[in-house]
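The values are calculated or read from the model by the stated rules, or taken from the named source; none is laboratory data. Only a predicted model underlies this, so the values are computations on that prediction, with no experimental measurement involved. Note: ideal-geometry Cβ built from the backbone for every residue, glycine included; neighbour counts use all protein chains shown. We work out accessible area using only protein heavy atoms, side chains counted, and drop any ligands, DNA or RNA first. Shrake-Rupley method; radii C 1.70, N 1.55, O 1.52, S 1.80 Å.
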Amino acid sequence: MFFGSVIWDPCLIVAQIVCIQCLYYITLGLFLSILVGTHVSRMSLVYFFDFVTITTSTLTGWCVIASFFFTSIAGAVYMLYLIERAKKCLDFSATLYIVHLFICIVYGGWPSSITWWIVNVIGIAVMALLGEYLCIRRELREIPITRYRSNV
């Protein structure tokens with residue numbers, strides 16, 4: 001099979017979406033527990049899905065913003081290993097953040113904070129662009145030739 005040939009496999013696509021989404025929330029939970037857990041008495045899903053926690057007026061809000069930013073960087077690295085194609089990074093990033101938006105709407109209502117929108121737009125841009133950059137770097141590596149040539 002040629003490298004450029006595309007086979008549409010919906011099961012693979014759904015599995016990749018679920019895997020990226022799960023890794024995103026696991027990583028977000030890790031960063032939130034490290035950065036926000038030291039400032040609050042009890043962690044909850046509010047820091048994941050409620051738009052009021054993403055604020056620039058408190059130290060905890062800045063820690064939540066940093067957690068989302070670091071998670072988007074980690075998401076780009078996850079796409080390098082799970083998606084492996086630069087032209088698919090924007091699609092998977094957008095899907096991840098659209099699913100996140102729907103979960104946030106169900107959990108806390110429509111996000112009316114401009115800070116929430118800025119953080120998530122920057123997050124999707126960082127994840128998509130860094131993921132594309134990393135995938136392009138991998139795609140452009142030289143292919144090593146392991147065959148020995150005789151000196152004739």
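Please go through the range 79-101 and pick out each residue that is in a helix (DSSP H, G or I) and of a type in the set (Asp, Glu). Residue satisfying the conditions is Asp91 alone. Looking only at residues in the range 85-95 that are surrounded by 16 or more Cβ atoms within 10 Å (Cβ to Cβ) and among the basic types (Lys, Arg), the one that is nearest to the chain's Cα centre (by Cα) is Lys88.
Which residues, taken from the range 53-70, are of a type in the set (Ser, Thr, Tyr), without any contact (Cβ under 8 Å) to a residue 60 or more places away in the chain and open to solvent by 30 Å² or more (accessible area, probe 1.4 Å)?
Of the residues in the range 53-70, the ones of a type in the set (Ser, Thr, Tyr) are 53, 55-58, 60, 67.
With the extra rule that they be without any contact (Cβ under 8 Å) to a residue 60 or more places away in the chain, the set shrinks to 53, 56-58, 60, 67.
Listed by number, the residues that qualify are Thr56, Ser57, Thr58, Thr60.
I'd like the full set of residues that are of a type in the set (Val, Ile, Thr) and either in contact with a Lys or Arg (Cβ under 6 Å, 6 or more places away or on another chain) or buried (at least 16 other Cβ atoms within 10 Å of the Cβ) (or both), limited to the range 96-120. Result: Thr115, Val119. Among the residues making up the range 39-52, those that are free of Cβ contacts under 8 Å to residues at least 24 places away in the same chain and over 22 Å from the mean Cα position of the chain (by Cα) are Val40, Ser41, Arg42.
Regarding Phe31, is this residue open to solvent by less than 60 Å² (accessible area, probe 1.4 Å) and within 16 Å of His100 (Cα to Cα)? Before the answer, list the steps.
Working: open to solvent by less than 60 Å² (accessible area, probe 1.4 Å): yes; within 16 Å of His100 (Cα to Cα): no.
No: the conditions fail for Phe31.
Of all residues in the range 102-119, none that is on the phi > 0 side of the Ramachandran plot and assigned to a loop (DSSP other than H, G, I, E, B) has its Cβ atom under 7 Å from the Cβ atom of a residue that is of a type outside the set (Lys, Arg) and surrounded by 13 or more Cβ atoms within 10 Å (Cβ to Cβ), 6 or more apart or on another chain.
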